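Written out below as structure tokens is the structure these notes cover.
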Amino acid sequence: MSLGHTRNDLVRAAMEGITFNLKYAIDILSKYHPGLTKMLLVGGGSKSKIWRQMFADIFNLEIIKTNIDQDAASLGAAALVAYGLGYWSDYERLDKIHVINSIEIPITENTIKYNKIYPIHREVAHYMALAGNRLHDLSL
């Protein structure tokens, strides 16, 4: 950081850090389910076009945004209940409820940059975890 960094720089860095951490989780899950090419992004964060593009660039996936947004958890719970009580025989109705609002495609130039940064992020995360463990073990 330097005096030239702005509040926007710090917000973007936080968003990138969150997205990198989620990429780490996706990388692990991809070992068990390879071939992921697109992802549905839901929740309040899905309303941000900047963040959706960041996900596309960092994950190197198409990011789909639908009309559901932060109601995804409620919709999922309702679908489980409808299926569990026998009102639905499957979950195909969910595809009809979701209406695609936008699709973000990875920007190759950005993906290349993030691919260079990501290993450094993982290294920093590792050392921060070690430091956290050491701080936890202190008895002051």
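The values are calculated or read from the model by the stated rules, or taken from the named source; none is laboratory data. None of these values were measured; they are calculated from a predicted model. Every residue, glycine as well, gets a Cβ built from its backbone with ideal geometry; the counts of neighbours run over all protein chains shown.
Residues that are under 17 Å from residue 99 (Cβ atoms) and out of contact with any Lys or Arg (no Cβ under 9 Å at 6 or more places or on another chain) within the range 40-74 comprise 43, 66, 67, 68, 71, 72, 74, listed in sequence order. Summed over the range 80-133, the residues that are in contact with a helix residue (DSSP H, G or I) (Cβ under 6 Å, 6 or more places away or on another chain) and among the small types (Gly, Ala, Ser) give a count of 0. Just one residue in the set 18, 28 is closer than 20 Å to residue 113 by Cα and either out of contact with any Asp or Glu (no Cβ under 9 Å at 6 or more places or on another chain) or modelled with pLDDT under 95 (or both); that residue is 18. Return the residue satisfying two criteria in turn: it lies in the range 55-79 and is out of contact with any helix residue (DSSP H, G or I) (no Cβ under 6 Å at 6 or more places or on another chain) and polar (S, T, N, Q), and of such residues it is nearest to residue 107 (Cα to Cα). So the residue we want is 66.
Is the range 80-91 home to any residue that is under 20 Å from the mean Cα position of the chain (by Cα), on the phi < 0 side of the Ramachandran plot and surrounded by 14 or more Cβ atoms within 10 Å (Cβ to Cβ)?
Looking for residues that are under 20 Å from the mean Cα position of the chain (by Cα), on the phi < 0 side of the Ramachandran plot and surrounded by 14 or more Cβ atoms within 10 Å (Cβ to Cβ), one finds none in the range 80-91, hence no.
A search for C-beta distances below 7 Å between a residue of the range 82-103 that is within 25 Å of residue 65 (Cβ to Cβ) and touching a residue at least 24 places away in the same chain (Cβ under 8 Å) and any residue that is hydroxyl-bearing (Ser, Thr, Tyr) and surrounded by 14 or more Cβ atoms within 10 Å (Cβ to Cβ), counting only pairs 6+ apart in sequence or on different chains, returns 98/66; 99/66; 100/66; 101/66. As for the range 3-14, it holds at least one residue that is closer than 26 Å to residue 125 by Cα and surrounded by 14 or more Cβ atoms within 10 Å (Cβ to Cβ).
Among the residues of the range 42-55, those identified as over 10 Å from residue 19 (Cβ atoms) and among the hydrophobic types (A, V, I, L, M, F, W, C) are 42, 50.
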